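Heads up, the thing below is written out as structure tokens.
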Amino acid sequence: MKARFRIDVGVAYGSDIDLVIKVLEESAFQHPDIFDRESTEARLVNFGNSSLDFQVLFFSENIFRISKVKSDIRRSISQKFSANNIAIPFPQLDLHLKSNATENNKKG
């Protein structure tokens with residue numbers, strides 16, 4: 001019995017979307033427990049706060065060891081991203097500090 005699984009990953013804005021999709025699909029399909037290249041699919045799913053968000057979908061019969069399969073695929077994705085200069089961004093927050101200039105001048 002085969003089941004469909006998914007891995008989510010975000011990449012930096014400005015990344016080559018077609019290259020990201022190619023890398024995700026190749027990383028999944030190259031795993032020995034994944035079959036049926038036609039149903040292995042990567043897609044851009046969202047414009048996130050800090051990243052372009054993708055999913056790669058694939059089928060496997062290795063349901064009971066799927067965590068290991070996903071880990072292997074993630075490792076492959078990471079290596080291929082690195083080789084292709086595709087960055088996984090850190091979440092970024094802007095922090096705006098306000099100073100009360102009047103209060104500071106009274107103390108000085």
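The values are calculated or read from the model by the stated rules, or taken from the named source; none is laboratory data. Since the structure is predicted, the reported quantities are computational estimates derived from the model, not experimental observations. Glycine also receives a Cβ, built like all others from the backbone with ideal geometry; neighbour counts cover every protein chain displayed.
Below, the figures for the structure above:
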quantity: Filter result for residue 43 (charged (D, E, K, R), at pLDDT 95 or above, touching a helix residue (DSSP H, G or I) at 6+ places or on another chain (Cβ under 9 Å) and assigned to a strand (DSSP E or B)); calculated: yes
quantity: Residue match in segment 86-96 (condition: within 21 Å of residue 4 (Cβ to Cβ) and within 14 Å of the chain's Cα centre (by Cα)); calculated: no
quantity: Conditions (1) acidic (Asp, Glu); (2) part of a strand (DSSP E or B); (3) buried (at least 16 other Cβ atoms within 10 Å of the Cβ); number of the one not met by residue 8; calculated: (3)
